[in-house]
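Here's the structure, in structure tokens; my notes come after.
The values are calculated or read from the model by the stated rules, or taken from the named source; none is laboratory data. This one's a predicted model, so the numbers in the text were calculated from it and none came from an experiment. Glycine also receives a Cβ, built like all others from the backbone with ideal geometry; neighbour counts cover every protein chain displayed.
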Amino acid sequence: MVTVSDEIRKKCLVIPDGSGYDTSLFTIPVKYADFLKSILIPNGLVKDRTHKLAVDILSSVPNTKSLVVLCVLKGGYKFCSELVDAMERYICSCEINMSIKVEFIRLKSYHNVSSTGEVEVIGLSNLSHLTGKDILIVEDIIDTGKTMTKALELIKQYNPNSVQCASLLLKRTDKSCGYVPEFIGFSCPDEFVLGYGLDYNEFFRDFPHIGVINEEGIKQFAV
Ligand code: IMP
């Protein structure tokens, strides 16, 4: 079991090991009903936590008039959409003079036999757009942290003014390379999670809650 450091505990909601709600208590699409072990984080809680993250982010970004939100596809699309909506509402209600521009990238990671991650950026053809900008990378989940570490190295080569990262989930795993994003929604157990944008072989992205797949699901949707 991996313990949560004080630094991480202060900035996220910790979902303890062994937690999860019985799937019979939720409406589940028929196509997924037999393939989920539990609901780990219900949709409403994901949204409530995201709204607070939006406030935290806007209270701490450098004094900028323009923020580039870099959504990491595909998994980050739902979280990013909810986060940007909440940020826009806060900007409007607090009369903050700031505009948000949303860009999208896809990160393809390869892990060789010695487990060093190599990341290819697909989608934003010209990263020089990022030079001099204040950037918030929005990601679905940090597992080992290798993908984000490599992505940050790449993005920093283009000399942005500032780069921060918001991840909906941070997995508690002993395989972590130590990378901790600035903004975290939830610290979650070391299980394969899906839903709310996160997939298992392209399935479950459309599932509204964050859940844990069962053994039958792993077999059923294997490729
Ligand atoms: P990392 O490089 O090990 O941190 O992996 C990050 C990427 O792996 C994420 O952006 C996800 O696409 C994927 N990933 C890691 N863990 C999970 C999971 O539990 N469910 C779905 N995707 C995951």
(request) Say whether the condition of being within 24 Å of Ala86 (Cβ to Cβ) and modelled with pLDDT of 95 or more is met by at least one residue in the stretch 145-157. (result) no
(message) I'd like the full set of residues that are over 14 Å from Ser167 (Cβ atoms), outside any strand (DSSP E or B) and of a type in the set (D, E, K, R), limited to the stretch 60-109.
(response) Lys65, Lys74, Asp85, Glu88, Arg89, Glu95
(message) Testing Lys52 on (1) in a helix (DSSP H, G or I); (2) in contact (Cβ under 8 Å) with a residue 60 or more places away in the chain, one condition comes back false. Which one is that?
(response) (2)
(message) Could you tell me how many of the residues in the stretch 53-76 are under 20 Å from Phe183 (Cβ atoms) and loosely packed, with under 13 Cβ neighbours inside 10 Å?
(response) 5
(request) Sort through Ile8, Ile57 and tell me the only one that's touching a helix residue (DSSP H, G or I) at 6+ places or on another chain (Cβ under 8 Å), within 25 Å of Met87 (Cα to Cα) and aliphatic (A, V, I, L, M). (result) Ile57
(request) Write out, first by first residue and then by second, each pair whose Cβ atoms fall under 8 Å of each other, whose residues are 6+ apart or on separate chains, and whose first residue, in the stretch 1-24, is over 16 Å from Glu182 (Cα atoms) while the second is modelled with pLDDT under 90 and not acidic (Asp, Glu). (result) Asp17/Met1
